[in-house]
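Here is the structure we will look at, set down as structure tokens.
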Amino acid sequence: MLDRICVPTDGSDAAAAALDHVLAVAADHGATVHLLHVADTTRDSVTRIGGDVVDVLEREGESIVTDAAARAADRGVDAETAVRQGGVPETVAAYAAEVDADLVAVSTRGRQGVERLVGSTTERVVRQSSVPVLALRPDDDETTYPYEDVVVPTDGSPAATAALDRAIPIAERAGATIHVLSVVATGGIGVGDYVDADVLSEYADDEVAAGVERVEAAGVAAVGSVEVAPSAPRGIRAYVEDHGVDLVAMGTHGRTGVSRYLLGSVAERTLRTAAVPVLTVPTPETDEE
């Protein structure tokens with residue numbers, strides 16, 4: 001169940017498109033959206049010019065979040081607004097913690113184009129956020145809510161389990177099927193490694209079976225799959241395309257070693273390339289130690 005969703009917005013068309021998706025999720029869960037505009041005072045031009053420009057940025061931000069709140073009201077969704085100064089990733093992460101958000105929902109594109117967020121701000125928000133982050137592509141017209149199919153890549157790590165546990169109530173609420181996926185990535189295996197893909201697949205089978213059992217125990221429909229691909233991100237993307245997946249949910253850290261893929265790196269690469277929303281779930285520190 002989602003109660004509080006933090007939604008950073010810069011007033012761009014991309015942010016507006018992402019807000020439409022978030023409002024559908026919020027309306028279904030009865031959640032409050034916390035609409036945040038960050039007056040980015042870390043930019044050189046702002047720093048050089050000083051306070052007057054910052055005041056303009058804040059007034060503009062107030063207008064942006066007020067308009068977004070009006071859109072939320074039209075959908076019957078409660079909204080709170082805030083305008084803060086600072087760098088975008090750290091301010092978003094701090095505000096989400098301040099309001100005890102269950103989720104941060106962010107567009108993967110901003111006013112300054114795709115490079116403004118993908119590979120930069122979105123990934124930095126993911127790294128710094130203590131709560132799950134839902135990254136939404138504004139140019140994805142096919143993905144709607146409620147979701148029908150959610151894929152959770154697993155390597156058997158605590159991070160993957162955390163993502164699965166977060167995906168279960170979302171899928172349950174939406175009536176979706178969870179696809180527990182393990183990708184046997186062969187691209188890093190070379191001559192001299194003496195590792196058979198069939199052996200890796202056996203480990204993956206066990207991880208998938210455990211994941212499916214966990215999902216079904218919660219009363220949610222599940223299917224399991226083991227795929228072989230040159231890399232985990234490519235395997236995930238292919239599975240998404242082949243099975244009409246609506247959402248990817250994954251941990252931001254995973255096990256390393258020849259029979260595992262580094263889920264943190266995989267998550268970032270999936271964020272950059274997936275054609276559907278990606279939910280990243282941080283691993284609790286107690287699980288990493």
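So the values come out like this:
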item	result
Per-residue ³J(HN,Hα) for segment 236-251, Karplus 6.51 cos²θ - 1.76 cosθ + 1.60, θ = phi - 60°, Hz, x for Gly and Pro	5, 4, 5, 5, 4, 5, 6, 10, x, 5, 9, 8, 10, 10, 8, x
Taking segment 1-44 and dividing mean pair separation by its residue count, relative contact order in percent (alpha carbons under 8 Å, at least six apart)	56 percent
Exposure ranking of 59, 173, 137, 234 by accessible area [1.4 Å probe, largest first]	59, 234, 173, 137
Net +/- balance of residues flanking residue 101 in space, Cβ distance below 12 Å, scoring K and R +1, D and E -1	-4
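The values are calculated or read from the model by the stated rules, or taken from the named source; none is laboratory data. Keep in mind that this is a model prediction, so the values were computed, not measured. Because the Cβ atoms are built from the backbone with ideal geometry, glycine has one as well, and the counts that use them run over all protein chains shown. To get the accessible areas, we keep the full protein, side chains included, count just its heavy atoms, and leave off ligands, DNA and RNA. Shrake-Rupley method; radii C 1.70, N 1.55, O 1.52, S 1.80 Å.
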